[in-house]
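As structure tokens, the structure follows; a few thoughts come after it.
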Amino acid sequence: MTVTGPAITLTSPVSLSPGQSLDDYDVVRRTLQAITERWRDQPQLEELAAEAGVQPIQLQRVFSRWAGLTPKQFLQAVTLDHARALLKRSATVLETSYEVGLSGPARLHDLFVTHEAMTPGVYRAKGAGVVLRYGFHPSPFGLALVMATEHGLAGLAFCDPGGEAEALDDMRGRWPAAEYVEDAAATAPLARRVFDPASWSEETPLRVVMIGTDFEIRVWEALLRIPVGAATTYARIAEGLGKPKAARAVGRAVGRNPVSFVVPCHRVLGSGGGLCGYHWGLTRKRAILGWETGLVGGGAASM
């Protein structure tokens, strides 16, 4: 159907790995909120489990199933010290990525992406003439709003149950003149592929359509160079674009990224390692970074 108002129906098939559920992310979210509020107290496993409303053994199982990490390993992966170490370690990785492009052994765990940019005229016309099919799908990080044109994935947003209308309004506000058609069957294959690392393949890259200004698209292309398990800063991106004084403009473009997770704006941190911001919430940004640590082998546990 064509969107005419905020009414949303959630009819999408599940897009989670075997054993995962939206309840898993809810437990992770509540645990991270407790950590954020009580980090000075260094809460123990039993206290975190109580905050999340589960037994300690259940908390262990959720994190193992969701991220392949113990709660302790996961929490180490989202500390400021780990973020600073990640930035330091990533500097040479990113320099190399600019030299060799988007291939290479460092991208073993990456979701391979090929992209195209809509013409500047489409952006100036606020999406007029573009048909965006969308659907809400369960993901490891809450509900995912997936949007696609006939050419590929054009939007990916996140929300918690009950926030569907707000998320859709947010995305529609970016291209208000486009036509929006609810079609979960069309977006389900994209959702499954995006959130299933087993389906990530260099031989069959995911096609992404970028709709933005010329500068925004350059920034989003730079984000695609950040591999899983690495991070960078707004200043480094600005320098890489040959505009060392444009860190604030880079920050605004990062915040406008419409294809979350796939175009990894969550891997951009402040110069001191702080999370700084994330359009879909800092708790979700922490969750994604921790999940990716598990994906590349849980290296944070030994740091």
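The values are calculated or read from the model by the stated rules, or taken from the named source; none is laboratory data. Every value quoted in this text rests on a predicted model; they were computed, and no experiment measured them. In this analysis, Cβ positions are derived from the backbone assuming ideal geometry, glycine residues included, and neighbour counts consider all displayed protein chains.
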Inset, instruction - Working only within region 226-256, note down all residues that are in contact (Cβ under 8 Å) with a residue 40 or more places away in the chain and of a type outside the set (Ser, Thr, Tyr). - result: 226, 227, 228, 229, 230, 231, 236, 240, 253, 256
Inset, instruction - For region 134-155, indicate whether the set of residues that are in contact with a Lys or Arg (Cβ under 6 Å, 6 or more places away or on another chain), under 24 Å from residue 283 (Cβ atoms) and not acidic (Asp, Glu) is non-empty. - result: yes
Inset, instruction - Give 263, 250 a once-over and let me know the one that is hydrophobic (A, V, I, L, M, F, W, C), buried (at least 17 other Cβ atoms within 10 Å of the Cβ), more than 20 Å from residue 137 (Cβ to Cβ) and not assigned by TED's automatic domain parsing to the domain that holds residue 66. - result: 250
Legend entry - Those residues of region 34-66 which are modelled with pLDDT of 90 or more and either closer than 23 Å to residue 268 by Cβ or surrounded by 21 or more Cβ atoms within 10 Å (Cβ to Cβ) (or both), in sequence order: 48, 49, 52, 59, 62, 63, 66
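Before we move on, is residue 208 surrounded by 19 or more Cβ atoms within 10 Å (Cβ to Cβ), touching a strand residue (DSSP E or B) at 6+ places or on another chain (Cβ under 9 Å), under 24 Å from residue 144 (Cα atoms) and touching a residue at least 24 places away in the same chain (Cβ under 8 Å)? Explain how you work it out, then say what you get.
Numbers: surrounded by 19 or more Cβ atoms within 10 Å (Cβ to Cβ): yes; touching a strand residue (DSSP E or B) at 6+ places or on another chain (Cβ under 9 Å): yes; under 24 Å from residue 144 (Cα atoms): yes; touching a residue at least 24 places away in the same chain (Cβ under 8 Å): yes.
For residue 208, the condition - surrounded by 19 or more Cβ atoms within 10 Å (Cβ to Cβ), touching a strand residue (DSSP E or B) at 6+ places or on another chain (Cβ under 9 Å), under 24 Å from residue 144 (Cα atoms) and touching a residue at least 24 places away in the same chain (Cβ under 8 Å) - is met.
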Legend entry - Failed item, numbered, when residue 144 is tested on (1) more than 14 Å from the chain's Cα centre (by Cα); (2) modelled with pLDDT of 95 or more; (3) not basic (Lys, Arg): (1)
Legend entry - Failed item in (1) over 24 Å from residue 112 (Cβ atoms); (2) in contact with a Phe, Trp or Tyr (Cβ under 8 Å, 6 or more places away or on another chain), with residue 242 passing the rest: (2)
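Quick one: in region 126-169, of everything that is charged (D, E, K, R) and touching a residue at least 24 places away in the same chain (Cβ under 8 Å), which residue is surrounded by the fewest Cβ atoms within 10 Å (Cβ to Cβ)?
169
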Legend entry - Any pair with Cβ under 7 angstrom, 6 or more apart, that starts in region 66-84 at a residue that is at positive phi and ends at one that is acidic (Asp, Glu) and surrounded by fewer than 20 Cβ atoms within 10 Å (Cβ to Cβ): none
Legend entry - Lone qualifier among 282, 295, 275 - being touching a Lys or Arg at 6+ places or on another chain (Cβ under 7 Å), at pLDDT below 95, surrounded by fewer than 22 Cβ atoms within 10 Å (Cβ to Cβ) and of a type outside the set (Asp, Glu): 275
Legend entry - Enumeration of residues in region 123-155 that are under 19 Å from residue 220 (Cβ atoms) and of a type in the set (D, E, K, R): 124, 126
